[in-house]
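The values are calculated or read from the model by the stated rules, or taken from the named source; none is laboratory data. All values reported here derive from a predicted model rather than from experimental measurement. Quick reminder, even Gly has a Cβ in these numbers, built from the backbone with ideal geometry, and neighbours come from all protein chains shown.
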Amino acid sequence: MNSTQSSGPAVRIENLDKYYGSFHALRKINLSVKRGERIVVCGPSGSGKSTMIRCINRLEQHNGGRITVLGTELNDDVGNIDEIRREVGMVFQHFNLFPHMTVLENCMIAPMIVRKRPRAEAEATARRYLEKVRIPEQAMKFPGQLSGGQQQRVAIARALCMQPQIMLFDEPTSALDPEMIAEVLDVMVTLAAEGMTMICVTHEMGFARRVADRVIFMEGGEIVEEAPPEEFFAVSRNERTRQFLSQVLDH
Amino acid sequence: MEMIVVAPPAPGRIEDLRRRFFATPLQSLLSLISLAIMVFIAWKLLNWAIFSAVFTTSGGPEACQAAAGACWSVIAARWRIILFGLYPFEEQWRSALACVTVVVMTTLSCMPAFWTGRRIALVWGTGAALYYVLMKGGVLGLLYVGEEAWGGLALTLFIFVTTCLIGFPLAICLALLRRSELPWISRTTGLIIDAVRSLPLISILFTFAVVLPFALPQWLQGDKLYRVILGSALFFSAYQAEIVRGGMQGVPKGQEEAAMALGMSYWQRIGRILLPQAMRNALPATINQFVVAFKETSLVVIVGFFEILASGNAAYGTGDWRFAYVEVYVFIALIYFVFVFSLSRYGAFLERRMSVGER
């Protein structure tokens, strides 16, 4: 199977169902993401947005429907899961950097042990991406010595070092102090401009307006609305979307 | 207008002492009384251990017994029994070399420079082979000495090191099995751990040494020494497994998720992400467990092995030197102290080293 085939959508989700015990977290989600497309997912907390993107790299196991990533279907086949995870990078709300490794080692470990790249090549790649997220001088520090914004940029670099085809962002700025949000968003904007396929769960509506091709609004485990940003912010058809937007935009 | 604030000068050492111990007349009195008691005890001890003690064997046991102080002659006369037990006298240099081997091997593997799979394996492989050949002989023109004749410090070190060497990996396996997602695996492992922990070590040693041979076929029994080591390793691993599990619980769930999202396999996640952090969390309790294991080696006397404490017992014996048991036990206590204290200091070094990346 060739995961790098360039035809077909990057991610296709069909009739996705997810339960936590008896709680129905995702209800018949349908979503198709084209290569190079930038999707912003928003919605009130508990609406299932994080759960949905965590299903895409199998951090959550779905209970019904189909998820196809880069032409490979996500099922119980461990080989498929590993293949997809290599091609899908993820950035978490709480960074999840490895605290026992330096910044550089954080960026080198996966390319070395997962992609089996030689150390020198992995280091060169790591330094290049640290440069890209504008913290090359922090390479030898440990994550605990960096600010939140710096840590999140390292986390982005770490994901990019695997040279993924798709990037998932799970509320990447929600745990940051306000003055650090911009530095992380800047990096994400640059990434978007380079044509990376991105699915971002975020409440940063300015970011959505600037880079998203489509904005998706979720509530109660369902996709309630889906529209290009200009349309989404100007003429939302849905009452619940308008209410949510007024809450996040008016402050 | 700017105000310049100057910190009050730190009190000098004498001033500090005065404030702490001689602030009021009553406090001064209590301090002086305590000081007098301490000086008295120190003087008594020093007098016993050094000033009135006998150090040479020239006078024999009688002269030594007559002396007011300690009789260190017993150590000079019997140190070989304490250190080497029943090991044949002419061959005791081998036992001494074996002790040195264990100490060197342990020291090397404690050094960060040796923390790669290949180097550690090399150190332990050579060390173990060297120890075994030295102690057992039968090859290279060395006289054969069976395990039943091993004793003293060499035996204590051997039991301790092999217990840890077998018990530690076993503990990690048990801890991993216990957090398995399959309930029948995790529950069974939990049951085994709890069962072993609820038994006294002595009963486990006794079972492995004496009862097991009835249950096992001849070819599977091995020497009693190795069965005893297995029993003690099992006991060690049950406790250590819970320590490791505690360490694992201290690693945030996001760590494993991040490793998964990067495509790492189960063993890569365990080996590179989970265990290094878990062991850091578990380090103080782990060192504690090692110290306990070192001291518990003395229990093998119950199944007939002459480790250092039992050898000491034999050293003062029932003959000429039987009055000098305190000196022998003080000597053995010093040996224990050297090993356990080094272990604790090494633990402190590791903690300092590992806290570099702490948030």
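Test A:V133 against the criterion of being within 11 Å of another protein chain (Cβ to nearest Cβ) and of a type in the set (V, I, T), and give yes or no. So A:V133 fails the test.
The sole residue among A:R134, A:R127, A:R119 that is surrounded by fewer than 18 Cβ atoms within 10 Å (Cβ to Cβ), in contact (Cβ under 8 Å) with a residue 40 or more places away in the chain and out of contact with any strand residue (DSSP E or B) (no Cβ under 8 Å at 6 or more places or on another chain) is A:R134. The set of residues in the range A:113-140 that are of a type outside the set (A, V, I, L, M) and part of a helix (DSSP H, G or I) comprises A:R119, A:E121, A:E123, A:T125, A:R127, A:R128, A:Y129, A:E131, A:K132, A:P136, A:E137, A:Q138. Among the strands (runs of 3 or more DSSP E) confined to the range A:1-93, the ones with at least 1 residues that are among the small types (G, A, S) and modelled with pLDDT of 90 or more are located at A:23-33, A:64-69, A:88-91. Just a yes or no: is a residue in the range B:137-148 hydroxyl-bearing (S, T, Y) and assigned to a loop (DSSP other than H, G, I, E, B)? Yes, some residue in the range B:137-148 is hydroxyl-bearing (S, T, Y) and assigned to a loop (DSSP other than H, G, I, E, B). Inspection of the range B:232-250 identifies no residue that is free of Cβ contacts under 8 Å to residues at least 12 places away in the same chain, in contact with a Phe, Trp or Tyr (Cβ under 7 Å, 6 or more places away or on another chain) and under 30 Å from A:L168 (Cβ atoms). Checking each residue of the range B:257-267 against the condition of being touching a residue at least 60 places away in the same chain (Cβ under 8 Å), acidic (D, E) and either under 30 Å from A:D77 (Cα atoms) or in contact with a helix residue (DSSP H, G or I) (Cβ under 8 Å, 6 or more places away or on another chain) (or both) gives no match.
Rundown of residues vs (1) closer than 27 Å to B:C164 by Cβ; (2) of a type outside the set (S, T, Y); (3) within 14 Å of chain A (Cβ to nearest Cβ); (4) buried (at least 22 other Cβ atoms within 10 Å of the Cβ), yes/no style:
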{"residue": "B:S237", "(1), (2), (3), (4)": "yes, no, no, yes"}
{"residue": "B:A241", "(1), (2), (3), (4)": "yes, yes, no, yes"}
{"residue": "B:I270", "(1), (2), (3), (4)": "yes, yes, yes, no"}
{"residue": "B:L274", "(1), (2), (3), (4)": "yes, yes, yes, no"}
{"residue": "B:A278", "(1), (2), (3), (4)": "yes, yes, yes, yes"}
{"residue": "B:V303", "(1), (2), (3), (4)": "yes, yes, no, no"}
{"residue": "B:G317", "(1), (2), (3), (4)": "no, yes, no, no"}
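The single condition from (1) touching a residue at least 12 places away in the same chain (Cβ under 8 Å); (2) more than 14 Å from chain A (Cβ to nearest Cβ); (3) surrounded by fewer than 19 Cβ atoms within 10 Å (Cβ to Cβ) that B:I308 fails is (3).
Restricting attention to the range A:64-114, and to residues there that are under 27 Å from B:S355 (Cβ atoms) and touching a strand residue (DSSP E or B) at 6+ places or on another chain (Cβ under 8 Å), which single residue is nearest to the other protein chains (Cβ to nearest Cβ)? The selected residue is A:F92.
Taking the condition assigned to a helix (DSSP H, G or I), within 14 Å of another protein chain (Cβ to nearest Cβ) and not aromatic (F, W, Y), does A:G144 pass? Yes: the conditions hold for A:G144. Within the range B:275-321, the residues that satisfy the criterion of being under 30 Å from B:E62 (Cα atoms) and either within 20 Å of the chain's Cα centre (by Cα) or not in a helix (DSSP H, G or I) (or both) are B:F306, B:E307, B:I308, B:L309, B:A310, B:S311, B:G312, B:G317, B:T318, B:G319, B:D320, B:W321. Only a single item in (1) farther than 21 Å from A:S174 by Cα; (2) within 14 Å of chain B (Cβ to nearest Cβ); (3) of a type outside the set (S, T, Y) is not met by A:V33, and it is number (2). Within the range A:215-232, the set of residues being among the aromatic types (F, W, Y) and either modelled with pLDDT under 85 or under 16 Å from A:S47 (Cα atoms) (or both) comprises A:F217 only.
If we keep just the residues of the range B:319-359 that are modelled with pLDDT of 75 or more and within 14 Å of chain A (Cβ to nearest Cβ), which is farthest from A:Q145 (Cα to Cα)? Applying the filter and picking the extreme gives B:L350.
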